[in-house]
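Heads up, the thing below is written out as structure tokens.
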Amino acid sequence: MKRTKQMLGTVSAVALVGFTSAPAIAAGTTAGDTITNNVSVSYDVGGVTQTPETASDTFTVDRIINLTVQEVGGASTSVAPNETNAVTVFEVTNTSNDEVDFALSLTQSGADDFDITNVRFFLDDGGTPGAFDGTNTLVTSLDDVAEDATVTVLVVGDIPLGVTDGQTADVTLVADATDDGGTPLTNTAGANTAGIDTVLADDDNADIAGDDSSDGDDADTDTYVVSAAAVTVAKSSTVIADPVNGTTNPKAVPGAIVEYCIVVSNASGATATGIVINDDFTSEAARLDFVPGGTDPNAYAGANDIFVDGDGSCAGGTGVDTGATAATTVVSNGLSDVAAGQARSLRFRVIIE
């Protein structure tokens, strides 16, 4: 018995985790059962009752293979660029009249915007239902699924980095009825035999390309929809004062104070979070010195070394004492979240050597 079969048998014996009870929806009497019908004929001869004649017939119930695959929730799945372990949830129900194995596979549309990568299947057999939380069991097939049993399957994959807001990817989970060795089941050819014959009775399924006959499989589709931020960064400089002109029409001469402003904008889509700015001017350390708060008449007021979270206009914001010195050559600080249509900024000052 395969490893996945051992696991599923253990789950079924304990609590049917990952399997849910369902109403009686299998296709009738269990395959392999024998049905016997007896007949008795009584009669008289010359008015004398004779011993009844009896006969019987026994046949074996064949198996009819049917199943359903259903995406859970009925809504698309929102994902972010470069997201790992993005999850969509499906239920596979065995509506056959026999215990059946199902091979799992995933098809992706060539007509959508991108494909997910690193695709894996997990049983939803632990932790929070519908969540990929490290308690789930990796599988490639569903083994020994009982009549009427429903198995919840997590399709897990990674989203490419370069996708943009609103792009979509369709993913179709296919379950195909197989024997214990993983070979797809087929219809028993010819007339009814004395053993257990197989009849594939699944309906045509539009989710499976080219599926135009009963062939022991079923599928359903979910759509990953990208929710991304359209973030851009702009950097500008303004001369604040020089040693000759002061603050009146100052020029970028040695001794002048220059203010840099970095603006982070989000044009559309999701909110950008966890923003950290790192401005490294180490390569210009011989020609630029950082201006700490309060060290120059044209430095920021008080102990403020930088200003952050303005509206993108390079004005206003909140002063921050970073503890920087004139030897500082890397300015690093976080910004508040930037929602669609918003901008934030970080400003600091340097002096030209």
Dipole magnitude of the chain about its Cα centre, charges +1 at Lys/Arg Cβ and -1 at Asp/Glu Cβ only, in debye to the nearest 20? 2180 debye
With only alpha-carbon atoms in the gyration tensor, what are the semi-axes of the equivalent ellipsoid for region 121-176, in Å, largest first? 26, 15, 10
Can you divide the C-alpha Rg of region 212-327 by 2.2 N^0.38 Å and report the result to two decimal places? 1.76
Could you work out which residue, out of VAL100, VAL264, VAL276, moves most in a Gaussian network model of the chain, that is, has the largest mean-square fluctuation with Cα springs under 10 Å? VAL276
To the nearest 10 Å², what's ILE262's accessible area with a 1.4 Å probe? 10 Å²
Any chance you could look up the accessible area of THR238 with a 1.4 Å probe, heavy atoms only, rounded to 10 Å²? 70 Å²
Could you compute the longest span of the chain free of trypsin sites (Lys or Arg not before Pro) located in DSSP loops and having at most 12 other Cβ atoms within 10 Å, not counting the site residues? 1-250
If you look at just the Cα atoms of the chain, how large are its Rg and its Dmax in Å? 35.5, 145
Per the helix-only calculation at 222 nm, which mean residue ellipticity applies to the chain, given -39500 (n - 2.57) for every DSSP H run of n ≥ 4 and division by its residues, nearest 500 deg cm²/dmol? -1000 deg cm²/dmol
How much area per residue is accessible in region 260-314 when the probe is 1.4 Å and only protein heavy atoms are counted (Å²)? 46 Å²
Need one value: the accessible area of PHE59 in square angstrom, 1.4 angstrom probe, rounded to the nearest 10. 100 Å²
Could you work out how far apart the two model spin labels at VAL119 and VAL45 are, taking each label as a point 7 Å from the Cα in the direction of the beta carbon, and quote it in nm? 7.4 nm
Helix 3-14 sits at what angle to the longest principal axis of the chain, using alpha carbons and giving 0 to 90 degrees rounded to 10? 80 degrees
Hey, what do the phi angles of region 107-120 turn into as Karplus ³J(HN,Hα) couplings, whole Hz, using 6.51/-1.76/1.60 and θ = phi - 60°, x for Gly and Pro? 10, 10, 6, x, 9, 8, 8, 7, 10, 7, 10, 6, 6, 9
Could you tell me the calculated FRET efficiency between SER76 and ALA55, based on Cβ-Cβ distance and R0 = 56 angstrom, to the nearest 0.05? 0.35
Ignoring ligands, DNA and RNA, please state the percent of accessible area on the chain from carbon and sulfur, probe 1.4 Å. 51 percent
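The values are calculated or read from the model by the stated rules, or taken from the named source; none is laboratory data. Since this is a predicted model, take the numbers as computed values, not measurements. Positions of Cβ are generated from backbone atoms using ideal geometry, with glycine treated the same way; all protein chains shown enter the neighbour counts. Remember, those area values only see protein heavy atoms, side chains included, never the ligands or the DNA or RNA. Shrake-Rupley method; radii C 1.70, N 1.55, O 1.52, S 1.80 Å.
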